[in-house]
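Let me begin by presenting the structure, written as structure tokens, before commenting on it.
We did not get these values from a lab; they are worked out from the coordinates using the rules stated. Keep in mind that what you see is a predicted model, and the values were worked out from it rather than measured. Cβ placement follows ideal geometry from the backbone for every residue including glycine, while neighbour counts extend to all protein chains displayed.
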Amino acid sequence: MSEFLLEVVDLKKYFPITAGVFRRTIGHVKAVDGVSFKLRHGETLGLVGESGCGKSTTGRMIVRILQPTQGRIVFEGHDITNLRGRRLRDMRRQFQMVFQDPFASLNPKMAVGDILAEPLVIHRIASRREADQRVCELLETVGLRAEDRLRYPHEFSGGQRQRIGIARALALNPKLIVADEAVSALDVSMQAQILNLLTELKRTFRLSYIFISHNLAVVRHISDRVGVMYLGQLVELAGKADLFNNPLHPYTEALLSAVPAPKREGRRQRIILQGDVPSPSNPPQGCPFHPRCPKVMDPCRSQRPSWREVRAGHWTACHLYEQ
Amino acid sequence: MPAHLTSSATPSPAAVSRRRTVKSPTRLALERFLRNRAAVGSLVVLCLIVLASLCAPLLTHWDPSYQDLMNTDSPPVWPAHPLGTDANGIDYLARDLYGGRVDFLIGFVDMAVIMLISIVLGGLAGFYGGWVDAVIMRIVDFMMNFPFLLLIIVLQSLVPANTVWLLILVIAATGWANITRFMRGLFLNLREAEYVLAARIVGAGAWRIILRHMLPNVLGPLMVQATLLVANLIFTEAALAILGFDVPVTVPTWGNVLKGAQDFFVLQSEPWAWLPPAGLIFLTILCMNFISDGLRDAFDPCFD
Amino acid sequence: MVTYITRRLLGMIPMLFAISVFVFLLMHMAPGNAFTAILDPRLKDPEQLQKALEQAAGLDRPLPWQYWHWLQQFVTGNMGNSFTLHRPVAELLGPALENTLMLAVLAEAMIIVLGIPIGIWQARKPYSAFDYASSTALFVVYSTPYYILAFFLIYFFAIELQWFPAQNAVGTGPGAGSLVDHLHHAILPALSLALSSFAVYSRFTRASMLDVGRLDYVRTAYAKGLSENRVFFKHVFRNAMIPVVTQFGFDIGNLVAGAVILEGLFSYQGMGYLFLQAVYNRDYPVIMATTLIFAVAILIGNLVADVLYAVVDPRIRYN
């Protein structure tokens, strides 16, 4: 067995832009532009960034509902990038996803029990009776009651629905769950409950998470390691404490400075970035962050910084730390 | 977010366990439909018309092809010929009643066939998108611009026996484009819905997603379209009859009876010949329209 | 926008080509042709005459040759001669097109003049007695097929009152062919066509006005003290017309279908009538020409709808 559960190598997703009478492709939206990281067994990796930075696209490529333009996704040593048909379906048991919007992610016309039994039926894991048994277990695992399987999604609150979404992701006993903004649509008290549930499930079922969020506090709460994305690229990846206490990349610094400090630390100066995020259809040359970077240097404008391990376990792509 | 989702979103657990029956959204919609007086009334009237044509032998003893040669062009005579007879002595009431059978046969069989085609093609186009969608939509565009009268005439002259089933076949073969385009739009809207993505992630295949996840969620608009389609098919049958491209005149259909009104003499002085089929066509279409309206309101409570 | 329109127009070419091929094949699949029926028993050798006529029309050649020949001629603007009316197709199309346009424009004008104001009026006092009464009445009219409406109109206005003619597109006698004469003949078929679809417009207008009237910016407009009329016409009406306007383009398809049926019913010598006659008589060149003109009309109508949509709604950009 490989040391890593998941390896993502130079992953890219370009969406073509077409124009003119014959719809010639005149450019690409570089939604994800060369993302690489490795995920250990039982680890939670947080991915943060502004909206449009490509974190959700990355998540969707990992669970294979978006086909990468380039790059590889290696799951437990198997390259799953180009799997199709039956083999992809079998592989799907290993990685599941929890969605952002609990009102949109459950089929309103299906009873909860059917929603949860569906994965079992598709993968021929259980007979009807076993499936029913398993559905009850799943509901209890996520803090709902077995009777709830007869009800329909519209009868549940947002938090309860998110629990159902989690139960569905658990149904196949996956090793990896990609949580895409899984708590962003919930109110704060509910967020805490769901985060605690996720933490608890991780311990019980030895899960790994890729936790995608724009909310730094949430990511900090749940992650072991955190990756920061900007304009389709990872700019920094490190252990949670390391990243939050000693950010290397100027973008990370700026991002962290925007979080209101709960204690009077008083140590951080708020860094106000100039300008807007450039369009991913026409990203700047060199470092994608250079037009807004307070510490911009000459090489930033022409050369893309390499993705390097600057300190043990602390990766970044920034010219400040080259050599 | 529709109001009915948020308002009932947080029942207390106790309240839930007390409630015995769990109602699916579809069931709730049908219950809303049954509370719509105009729609239910229309349904009753429609059932009566269908029933009358099914029970035609009980309501008239005339055969719709029997020529009562002693009483040609007769005005209404009770009880012999309550709606008179045509130039060949065929009883109008019998033609109207038996004609309903043919019209409803065309209406319901073609509706079923066309809905099936539109669900399959619209589902495939909407689910796969890309080139599958492009190819299907090109065919749809083609069909929508094709003069289907021509196809009917050619098929009728190619197949020696010009029967009702031939007409049904021809209408199905030419009438699916509009609805398929509509269904494709519905399916395409659901393509990126999170519950559809979720189903893909748990490993559901194309047909499972189309039939189990997408189809139930377009059931409302689908039923609305289906009722409108029946109305449209009954409209089409009579229109074809007026143009002379219907089944042979000897087959009783509402269109074939109505067509008599093209003769201005009949139009002016024999209202018993054309008013009843005109009324039946109108009433059927009106009922279908009220029913489709009721279905729309029932399935989409936000709709004003 | 220009590239969008260009692309759509170019996209019509393969579509029209495919339609022409199919119509061509279908026509020739049916047994018999235009010359089978005209044989006169007084002729000595009817079969030889039929052969000669077929030869003159090129019907004895292989199908691909016939199609190619037709296409070549068609592209250079020659639509051939009618088999049964013995005149160039282009000459037949001229007056037919004029008559159909008269019918369509008149019908569309009635729809707009009747439909939109009623919708607006209903939307000003929704759920009032007038709203309910007129909505129900419109629903009933909308549910009546236009050929049945036509029968009633003929009965009352042509037979009983004798105000309008029920047949032909132009009259005979003095004043025949004048604009007034044309209008006089077009009124009943146009009214039949308009009555059933003006209900669509008023319903559409009403729903759209109510939708827009609920939006925040309308409430803001009221809140800043604008008069009811000003809000209604300046803020609500303009935006509510967006979905209504696009309906015009899509209506062309309905108008074409309606024209075929009503022109047949009224013996109104327009495109639909010409097409029907050609179909009855197997007049191949006329069938091809009318079919393609209908297809172009529908395709252009859809394009116009999409373009109008972008013109009235600045948020929509095609690229």
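Side notes on the structure shown:
- Equivalent-ellipsoid semi-axes for segment C:160-265 (Cα gyration tensor, √(5λ), whole Å, largest first): 42, 16, 11.
- Packing rank of C:57-69, B:277-289, B:138-150, A:84-96, where each peptide gets the mean count of other beta carbons within 10 Å, highest leading: B:277-289, B:138-150, A:84-96, C:57-69
- Overall dimensions of chain C by Cα: Rg and Dmax, Å: 24.4, 91
- Here the Karplus relation 6.51 cos²θ - 1.76 cosθ + 1.60, evaluated at θ = phi - 60°, turns the backbone of segment C:108-125 into coupling constants of 5, 4, 4, 4, 5, 5, 8, x, 5, x, 5, x, 5, 4, 5, 6, 5, 10 Hz, with x for every Gly and Pro.
- Shielding by other protein chains, C:22-30, mean Cβ within 10 Å: 4
- Per-residue ellipticity at 222 nm from helix content only, as computed over chain B with -39500 (n - 2.57) for each DSSP H run of at least four residues, stands at -22000 deg cm²/dmol.
- Order by protection proxy (mean Cβ within 10 Å, highest first), peptides A:115-125, B:46-56: A:115-125, B:46-56
- Most fluctuating residue given options A:GLY275, A:GLY159, A:GLY77, as computed from a GNM of chain A linking Cα atoms under 10 Å: A:GLY275
- Filter on C:LYS125/C:LYS224; A:LYS109/A:LYS240; B:LYS259/C:LYS51; A:LYS55/A:LYS202; A:LYS55/B:LYS23 - keep pairs with C-alpha separation over 30 Å: A:LYS109/A:LYS240; B:LYS259/C:LYS51; A:LYS55/B:LYS23
- Number of partner chain Cβ atoms within 10 Å, mean per residue of B:138-148: 6
- Size descriptor for segment C:110-169, Kirkwood hydrodynamic radius: 13.5 Å (Cα pairs only, one decimal).
- Rg/Rh, computed from the Cα trace of chain A with Rh as the Kirkwood radius, has the value 0.99.
- Shape analysis of segment A:48-183 yields a ratio of the Cα radius of gyration to the Kirkwood radius, Rg/Rh, of 0.99.
- In segment A:22-91, chymotrypsin sites (Phe, Trp or Tyr not before Pro) in a DSSP loop with at most 15 other beta-carbon atoms within 10 Å: A:PHE22
- Most mobile of C:HIS235, C:HIS86, C:HIS182 in a GNM of chain C (Cα contacts under 10 Å): C:HIS86
- For segment C:160-209, chymotrypsin sites (Phe, Trp or Tyr not before Pro) meeting the loop criterion (DSSP other than H, G, I, E, B) and having at most 15 other Cβ atoms within 10 Å: C:TRP163.
- Long-range amide H partners of A:SER36 with built H, under 5 Å: A:ASP10, A:LEU11, A:LEU234
- Peptide C:139-151 shows a mean partner chain C-beta count of 6 within 10 Å per residue C-beta.
- ³J(HN,Hα), Karplus 6.51/-1.76/1.60, whole Hz, each residue of segment C:147-156, x for Gly, Pro: 6, 6, 4, 4, 4, 5, 4, 4, 4, 7
- With the convex hull constructed from alpha-carbon coordinates only, the protein assembly as shown shows a mean projected area of 51.5 nm² over all directions.
- Sparse-neighbour loop sites [trypsin sites (Lys or Arg not before Pro); segment A:183-251; at most 12 other C-beta within 10 Å; DSSP]: A:ARG206
- If the Kirkwood radius is taken over C-alpha pairs of segment C:2-75, then at 4 °C and 1.567 mPa s the Stokes-Einstein diffusion coefficient equals 87 µm²/s.
- Amide H contacts under 5 Å for A:THR44, placed H, 5+ residues apart: A:TYR209, A:ASP224, A:ARG225
- Ordering of A:45-54, B:199-208 by burial proxy (mean other Cβ atoms within 10 Å per residue, highest first): A:45-54, B:199-208
- Computed on the Cα atoms alone, the convex hull of chain B gives a volume of 176 cubic angstrom per residue.
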